[in-house]
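Since the structure comes first, as structure tokens, the remarks are kept for the end.
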Amino acid sequence: MGFFFIVFLVLFLSHSVESAPPLVLPLNPAYQDQYSLFGGYSCTWDDDLMLDSMTASASMNVLKKTEAAMENLRRLTDPLVLAKLSAPGGMAKNLLLTLYWLSEADMAGADVEQVLQEISRRGRNQATPADSTMAEVLLFNYHTARHLGVLSFSCLVQLGQGLPPSIPESDNNPDNRLAFAVPVLPPDRFPQVAHQLFNYELFDGPLPKSTSRTLAPSQIEFAKKLISRGLLPADALKAR
């Protein structure tokens with residue numbers, strides 16, 4: 001009797017093991033930090049080290065892109081560099097290159113406004129009126145470029161060469177016109193701001209065929225603002 005009971009018990013246990021469903025282990029929140037890159041729990045630190053390495057590498061790439069953009073933007077906005085450029089041609093090209101590197105900083109995850117504020121301070125606690133105005137106008141130009149749709153890949157290729165980008169046809173532009181960088185105030189009449197980036201803007205309309213000595217209302221308003229900030233002499237708007 002004892003022998004038959006033992007045989008029955010062995011057969012019963014073996015049948016139970018074969019037909020038992022897979023065991024589902026509950027997720028233990030205490031081990032979240034040990035969850036591996038490839039799924040499941042890590043038995044070694046190899047997976048975690050690989051994940052840390054990949055994350056650090058991605059962060060470094062973003063950091064390097066931001067640093068490269070900042071370095072180029074500092075060079076492009078350096079007053080000593082700007083003073084050596086021709087006006088308006090060289091300054092207009094400089095604005096297009098500046099917009100390119102602002103876009104690079106933006107794509108790297110940097111805040112364009114903060115980038116411009118940092119550059120305008122030039123290592124000081126506070127920016128000068130000229131540099132703060134430059135940051136203000138460059139931010140306006142960057143928003144204009146984004147509104148015109150000239151920060152796409154094909155447009156950035158043009159901007160990166162200092163060339164006027166083509167405005168997309170979707171922006172009511174059947175003639176595929178270009179976005180030019182032009183001076184706000186004529187350099188020959190306002191030489192004090194001829195080599196200042198804040199005197200240049202992205203222009204999406206047809207360029208005038210001839211230079212007029214008469215200032216538009218928007219130009220007069222801009223000149224008055226510069227006068228109030230001490231960036232133009234008080235008599236700058238007097239007829240000459």
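Each value in this text was obtained by applying a stated rule to the coordinates, not by laboratory testing. The model shown is predicted, which means the values in this text are computed figures rather than measured ones. Positions of Cβ are backbone-derived with ideal geometry, glycine not excepted, and every protein chain shown enters the neighbour counts.
The figures follow:
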item: Kirkwood hydrodynamic radius of the stretch 70-137, Cα pairs, Å; result: 12.3 Å
item: Sequence ranges 126-139, 89-102, ranked by mean other-Cβ count within 10 angstrom, highest first; result: 89-102, 126-139
item: Rotationally averaged projected area of the stretch 130-201 (alpha carbon convex hull; nm²); result: 5.4 nm²
item: Segments 228-236, 70-78 sorted - mean Cβ within 10 Å per residue, highest first; result: 70-78, 228-236
item: Charge context of K65, other residues only, Cβ under 13 angstrom, K/R +1, D/E -1; result: -3
item: Low-density loop positions, trypsin sites (Lys or Arg not before Pro), the stretch 109-202 - DSSP coil, at most 11 other Cβ in 10 Å; result: R124
item: Value of Rg/Rh across the stretch 72-222 [Cα atoms, Kirkwood radius]; result: 0.96
